[in-house]
Amino acid sequence: MRGQSHDMVQLLTPEGERVEHEQFAFTGTVDDLVAYHRDMVLGRRFDVEATALQRHGELGLWPPQIGQEAAQVGAGYAVRDNDMVFPSYREHTLAMILGFPMKQILALFRGSDAGDWEMLDKFRNYQIVIGCQTLNAVGYAMALQFDGMVGNDDAAKNAATLVFHGDGASSQGDVNEAYVFAASYNAPVVFFCQNNQWAISEPIALQSRIPLYQRAWGFGFHGLQVDGNDVLAVKAVTDWAMDRARNGEGPTFIEAFTYRMGAHTTSDDPTKYRGSSEEEMWRGRDPINRLEKHLRSAGAIDDAHLARLEEEADELGAETRAAIKELKDKTMDELFASVYAEPTVELEAQRREYAEYVASFGEDEQ
């Protein structure tokens, strides 16, 4: 494995043409691809609406994911019922296809709550601290081993974790420690690195002199690179990696080679550190346009279908804007109550200290 060379896995060219790969193949149907296209379109619309909400002062911050939809949709459809997903803070389309309440994500970036979310049995909290979710994912994966949910003859009983991080996070200490533990314990975890080429303003060339997926070899587990703008290839590769993990064959590192077409967050100005020619080149590899070309050529979609999809996206946009008015701020008592399942002595002391602090201003506790 060490020193081995791999080509980037691609099954659909930027022109929308299907190509073959010697190891990986997309086994889904045309109907599946139509559904993937819909998910990517709706995921992008949600992202655009959230960006606009931030610009109107309704959100404190927003991390756009425009351009990374295929990576998230392809990986998301490889998740099964027993699996657990650990996101970073940019997996909006992934959350949507897993059925996650998107209002909760808006609430987080509005500051209405601290991530006290529902549906955490499938999709864990967003993590703003770079890379810490990888340690959580490996720990959860090791727990799956202890619970006998890995390597069973009955595949339905098996499970794995899928954890997302960016190219910048791959340089963090926490992330590299997670790689060490995953390799040492042969944990059923897939590290899904969305390499969008820029860690805020730092290009990938300053972070690594080799492709990121090759780093996995140094830790002793599989690594491969996939065209992150090709939803077919991402689905095929993630299926393979998750099956390996569930079957007890250990961790895998997937480098989804993609591009952040927008800003790092709405507080960032990418024109300060990258040129328009680079952005234009990557717009020619747009994951939605790529799949749309393929589906049109296959006769699976037409103008009427796209018009209906646009109407559905408009409805989602209206729902997203309306959701802001329904958000309510959590009180401090509610936030204290949601830290642990059972309050601790230390936490209760902090709650009392905060109540006394508020009372010193002659105000009601919030």
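The values are calculated or read from the model by the stated rules, or taken from the named source; none is laboratory data. Bear in mind the structure is a predicted one, so any value in this text is a computation, not a measurement. No Cβ is skipped: glycine too gets one built from the backbone with ideal geometry, and neighbour counts run over all protein chains shown. Surface accessibility is based on the protein's heavy atoms, side chains included, excluding ligands, DNA and RNA. Shrake-Rupley method; radii C 1.70, N 1.55, O 1.52, S 1.80 Å.
Please list Thr271, Thr258 in order of solvent-accessible area, largest first, computed with a 1.4 Å probe with all protein chains present. Intermediate results must be reported in sequence, preceding the final value.
Values: Thr271 100, Thr258 0 Å².
Greatest to least solvent exposure: Thr271, Thr258.
With N the number of residues in region 1-141, Rg(Cα) / (2.2 N^0.38 Å) evaluates to 1.18. Once the C-beta distance of Ser277 and Leu347 is scaled by a Förster radius of 56 Å, the resulting FRET efficiency is 0.60 to the nearest 0.05. With a Förster radius of 45 Å applied to the C-beta separation of Gln145 and Ala300, the computed FRET efficiency comes to 0.60. When the chain is treated as a Gaussian network with alpha carbon springs shorter than 10 Å, the biggest mean-square fluctuation among Pro211, Pro188, Pro251 belongs to Pro211. Solvent exposure of His294, expressed as accessible area, is near 30 Å², computed with a probe of 1.4 Å over the protein chains only. The distance between label points at Tyr185 and Asp153 comes to 2.8 nm (points 7 Å beyond Cα on the Cα→Cβ vector). For region 251-366, the Kirkwood radius over C-alpha pairs fed into Stokes-Einstein at 4 °C and 1.567 mPa s yields D = 63 µm² per second. As a ratio to 2.2 N^0.38 Å, the alpha-carbon radius of gyration computed for region 176-280 takes the value 1.20. Please report the antiparallel percentage of the DSSP beta bridges confined to the chain, to the nearest 5. Among the beta bridges of the chain, antiparallel pairing accounts for roughly 10 percent.
Counting every Cα pair in region 173-219, what percent are over 12 Å apart?
Values: 743 of 1081 pairs.
Above the 12 Å cut-off, region 173-219 has 69 percent of its Cα pairs.
In plain terms, if you count all Cα to Cα distances in the chain and split them into 10 Å steps from zero, the share in each step is 5, 23, 32, 25, 11, 3, 1, 0 percent.
Simple spin-label estimate for Glu312 and Ala205 gives 4.1 nm between the two label positions (7 Å along the Cα-to-Cβ direction from each Cα). Estimated at 0.36 nm per residue, the fully extended path between Tyr357 and Lys122 surpasses their Cα-Cα distance by 80.8 nm. Net length available on complete extension from Glu326 to Val48 is 98.1 nm, with 0.36 nm assigned per residue and the Cα-Cα distance removed. Among Thr320, Thr51, Thr27, the residue with the largest mean-square fluctuation in a Gaussian network model of the chain, with springs joining Cα atoms closer than 10 Å, is Thr27.
Considering only Cα atoms, the convex hull volume of region 18-63 works out to 102 Å³ per residue.
Could you give the accessible area per residue of region 1-103, probe 1.4 Å, as a whole number in Å²?
Details: 4400 Å² over 103 residues.
Per-residue value: 43 Å².
Over region 104-158, give the accessible area per residue in Å² for a 1.4 Å probe, as an integer.
Numbers: 2680 Å² over 55 residues.
Here the residues of region 104-158 average 49 Å² of exposed surface.
For the pair region 211-277 and region 316-364, the centres of their Cα atoms are 36 angstrom apart. With the whole protein complex present, Ile130 retains an accessible surface near 70 Å², based on a 1.4 Å probe.
Got a sec? What order do His37, His21 fall in by accessible area at 1.4 Å, biggest, i.e. largest, first? List each step's numbers first, then the result.
Numbers: His37 0, His21 45 Å².
Ranking His37, His21 by accessible area, largest first, yields His21, His37.
The alpha carbon convex hull volume per residue for region 142-225 rounds to 102 Å³.
The calculated P(r) of region 79-120, using every Cα pair and 5 Å bins from 0, goes 5, 20, 35, 25, 10, 4, 1 in percent.
Taking square-rooted eigenvalues a ≥ b ≥ c of the alpha carbon gyration tensor, is region 118-179 rounded, prolate or oblate, where a/c under 1.5 means rounded and, failing that, a/b exceeding b/c means prolate? The shape class here is prolate.
If you stretched the chain out fully between Thr27 and Glu15, how much longer would it get, using 0.36 nm times the residue separation minus the C-alpha to C-alpha distance? Walk me through the numbers on the way to the answer.
Numbers: separation 12, 0.36 × 12 = 4.32 nm, distance 2.05 nm.
Length gained, Thr27 through Glu15: 2.3 nm.
Taking the 1.4 Å solvent-accessible surface of the chain as the whole, the part contributed by carbon and sulfur is 48%. Only Lys, Arg, Asp and Glu carry charge here, each on its Cβ (+1 for the first two, -1 for the last two); on that basis the chain has a dipole of about 900 debye about its Cα centre. Close lysine pairs were tallied over the chain: pairs 8 or more places apart or on different chains with Cα atoms under 24 Å apart number 9.
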